[in-house]
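The values are calculated or read from the model by the stated rules, or taken from the named source; none is laboratory data. Since we're looking at a predicted model, the values are computed, not measured. Glycine also receives a Cβ, built like all others from the backbone with ideal geometry; neighbour counts cover every protein chain displayed.
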Amino acid sequence: MKKLFAIAILGSVMLVSCKKSSSGGGLAQGTVNATIDGKASSFSAVVVALSSDSGKTIQITAADGTSNPNTFVITVNSDKAIVTGTYTDSTLIQNDFGETTPAQFSYLTSTGTEYDNAEVIGSPFVVKITSVSSTQIQGTFQGSVYLNQDPTQTKKVITGGAFNAKITATP
């Protein structure tokens, strides 16, 4: 489900990028950088941050290119509007979308392989929001993600993650 949602967002973003590129604008509405298994990576070719549910959910989608990219999807959820602070996948909250974790993360490779946080005790995925307004969000992230969201499968370690993105409000 996360993969389809991320692909749908990325597809929408690509359609918008075609329109923007003809007018001289860009699709990079921010920056996202991280180290994955020791390799520094930039996911700033495409960056979109969407706010929904009256600011209770913010999702940042970032890609390292526009043709067959590697993609990050970082989702922060709360039972009230997102504020500065630390959000992890180690607790459950209830918001208008139902029961969810405060931090969710997906990494989709250019080959279609998906790695997700698996809510593993002792190895949480952590997102720290350092600044947030109705138009901008900044923060850091780190943690482990697993093939098929299964902690017994292949693991990727994400460290030194940082993002700075313009927020677009959605209904």
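The residue that is modelled with the lowest pLDDT, among those in the stretch 27-57 that are within 19 Å of Asn70 (Cβ to Cβ) and in a loop (DSSP other than H, G, I, E, B), is Leu27.
Of everything in the stretch 96-112 that is of a type in the set (Val, Ile, Thr) and assigned to a loop (DSSP other than H, G, I, E, B), the residue that is modelled with the lowest pLDDT is Thr101. Taking the criterion of being out of contact with any Lys or Arg (no Cβ under 7 Å at 6 or more places or on another chain) and surrounded by fewer than 22 Cβ atoms within 10 Å (Cβ to Cβ), the residues of the stretch 52-69 that qualify are Ser52, Asp53, Ser54, Gly55, Thr57, Gln59, Asp64, Gly65, Thr66, Ser67, Asn68, Pro69.
Scan the stretch 70-93 for residues that are crowded, with 20+ Cβ neighbours inside 10 Å and either among the hydrophobic types (A, V, I, L, M, F, W, C) or farther than 16 Å from Ile137 by Cβ (or both) and the total you get is 7. For the stretch 115-162, a tally of residues being under 16 Å from the mean Cα position of the chain (by Cα), farther than 18 Å from Ala40 by Cβ and among the hydrophobic types (A, V, I, L, M, F, W, C) returns 7.
Entry remark, the stretch 61-75: residues being of a type outside the set (Val, Ile, Thr), outside any loop (DSSP other than H, G, I, E, B), out of contact with any Ser or Thr (no Cβ under 6 Å at 6 or more places or on another chain) and under 16 Å from Thr113 (Cβ atoms) number 1 in total. Among the residues of the stretch 113-140, those that are within 17 Å of Asn70 (Cα to Cα) and either aliphatic (A, V, I, L, M) or modelled with pLDDT of 90 or more (or both) comprise Thr113, Glu114, Tyr115, Asp116. Within the stretch 48-69, no residue that is farther than 18 Å from Phe141 by Cα sits with its Cβ atom under 6 Å from a residue that is among the basic types (Lys, Arg) and surrounded by 20 or more Cβ atoms within 10 Å (Cβ to Cβ) at 6+ positions apart or across chains.
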